[in-house]
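Structure first, then comments.
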Amino acid sequence: MNTIKINPSDNVAVAIIPLKAGETIQIEGKTITLNNDVPAGHKILLTDLAEGKDVIKYGYPIGHLKESHKKGDFICHDHIKTNLSGLLDYEYHPVSKNELTNPAYTEWFPKEQLTFHGYRRKNGEVGIRNEVWIVPTVGCVNGIVNQLAGLLTHELLNPQSELNQKLPADVERLRIIAFPHNYGCSQLSDDHENTRKILRDLVLHPNAGAVLVVGLGCENNQPDKFEELLGDYDKERIRFMISQKVEGDEMEEGMKILRELYAIAAKDKRETIPLSELRVGLKCGGSDGFSGITANPLLGVFSDFIVSQGGTTVLTEVPEMFGAETILMNRCETPELFQKTVHLVNDFKQYFLSHGEPVGENPSPGNKAGGISTLEEKALGCTQKCGKSAVRGVLPYGERLSVKGLNLLSAPGNDLVASTALAASGCHIVLFTTGRGTPFGTFVPTLKVSTNSTLFAHKPTWIDFNAGTIVEGELMIEVFRSFVQKVIQIASGELTWNERKNYQEIAIFKNGVTL
């Protein structure tokens, strides 16, 4: 098979491998001769189509032709214009319960309740990591938190260090991670609150066994007010150090606190946890023409599976819902959730318009090179990551999960900003599909899933799982089963590539004035 037609109503097919002009393809028993070379992942027109007519992929319009084209023509971003416009009025047309599950998948889901090995925290929450985190309230102390993390890590590498001598020989050695950022001061209104919320979510995240919060003392994000934002937190495992108030060397004081925190967290043990307590973020980046055929549908099946097990998945990247938003809106369980989703979409459109930017300013150069021509095409592939389950929750940026099942989260499409927002909402892990590849990771394990086998072979120390075999003939059910086991292994302690390479960062969404 050298091409695939995704939906019966499509008027384009996708090249599975690079094809040459003059070659023929077979689509639904018909022979089509190619008029141009076609790179893998790109589109081939299956019928003559006039200027202004819609190009159909995934069963939906992905834009319209700028000029007439013939059957067998190569079609890319140069030939298609988006149909997207500004703010829209939407009507709620809820889908039937039968449409919220795919009967073909139900037999794949194990009847028994699956488990992983995680850490049960004092407040009842569960973590899949037990790390010591150092979190600055303001960017002014980034140097301090980075140096503290380096000093403690170096100390633990020395078997003769005082800390190692005090720890039992069989205690698991924990990772120490600092999370520098640029904010916490010189911000106003929503930007200031967004920073405080994301940092709060980071400090309270159950993947941390202990946290040292480092402040300066004169910043807008005042440490005492930030401490109030944490609510009733575990004061044994979350400590504060205000650098301006430390008499003498803040490094010495910081190391003293960190040694105490480390000794407490090092006693924690993994226990058996039902999969219903796993919270999973769904993200894509560097998408290509295979994203909506392989990796994103795989995540969709997995999302439905986790929800069927009583667990939670979260979809974000609101600008990359534009063009597929009604699919999500009509899967909302209630009219109230529908209205929240309408606001989720239109508020982000207004954000674009308020800056004088068109709502369809997407995809990226890498997306286009990989075969994606318009934002609608990208969105129709992107939203497949959340499967067919009902939408049960809609979250503003920086808010934490409170409802199990599929949730939608307000955040932009930027990879690190969106992944940080997913983790901050309470997700234990981010599943990240990519056709172009990326090494990054946020503050929770960021499991990379390649859309094609070429990327998996080219970047074996970036990619954790290859979904490209789906287009090569491996059955979705077999890939899905392997993927479930991979996620359980990661949740139970196996490190992702971004963790092995210490690529763990945060990025906070900013919109307004910097003082």
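The values are calculated or read from the model by the stated rules, or taken from the named source; none is laboratory data. Bear in mind the structure is a predicted one, so any value in this text is a computation, not a measurement. Counting neighbours? That spans all protein chains shown, and the Cβs are built from the backbone with ideal geometry, glycine included.
Listing for the model above:
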quantity	calculated
Per-region count, the range 236-257, residues outside any loop (DSSP other than H, G, I, E, B) and out of contact with any Gly (no Cβ under 9 Å at 6 or more places or on another chain)	10
Qualifying residues in the range 401-413 (those that are among the aliphatic types (A, V, I, L, M) and surrounded by fewer than 24 Cβ atoms within 10 Å (Cβ to Cβ)) - the one nearest to SER308 (Cα to Cα)	VAL403
Scope the range 414-442; condition surrounded by fewer than 24 Cβ atoms within 10 Å (Cβ to Cβ) and farther than 21 Å from GLN309 by Cα; matching residues	ASN414, ASP415, LEU416, VAL417, ARG436, GLY437, THR438, PRO439, PHE440
Every residue from the range 182-196 that is crowded, with 20+ Cβ neighbours inside 10 Å and touching a Leu at 6+ places or on another chain (Cβ under 8 Å)	GLY184, GLN187, ARG196
Any strands (runs of 3 or more DSSP E) falling wholly within the range 258-375 and containing at least 1 residues that are buried (at least 22 other Cβ atoms within 10 Å of the Cβ) and small (Gly, Ala, Ser)	279-284
Any hit, the range 89-100, residues being over 21 Å from VAL391 (Cβ atoms) and either touching a Cys at 6+ places or on another chain (Cβ under 7 Å) or outside the structural domain of ALA15 (by TED's automatic domain parsing) (or both)	no
Condition check for GLU91: within 29 Å of TYR351 (Cα to Cα), assigned to a loop (DSSP other than H, G, I, E, B) and charged (D, E, K, R)	yes
Cβ-Cβ under 8 Å pairs, at least 6 apart or on other chains, the range 331-343 side of a type in the set (A, V, I, L, M), far side surrounded by fewer than 22 Cβ atoms within 10 Å (Cβ to Cβ)	LEU337/ARG392; LEU337/GLY393; VAL342/TYR90
Top-ranked residue of the range 411-439 - restricted to ones that are among the polar types (S, T, N, Q) and not in a loop (DSSP other than H, G, I, E, B), ranked as nearest to GLN489 (Cα to Cα)	THR433
Residues within the range 24-53 that are assigned to a loop (DSSP other than H, G, I, E, B) and over 21 Å from ASP288 (Cβ atoms), tallied	9
Members of the range 376-394 found to be modelled with pLDDT of 95 or more, surrounded by 23 or more Cβ atoms within 10 Å (Cβ to Cβ) and among the aliphatic types (A, V, I, L, M), listed by number	VAL391
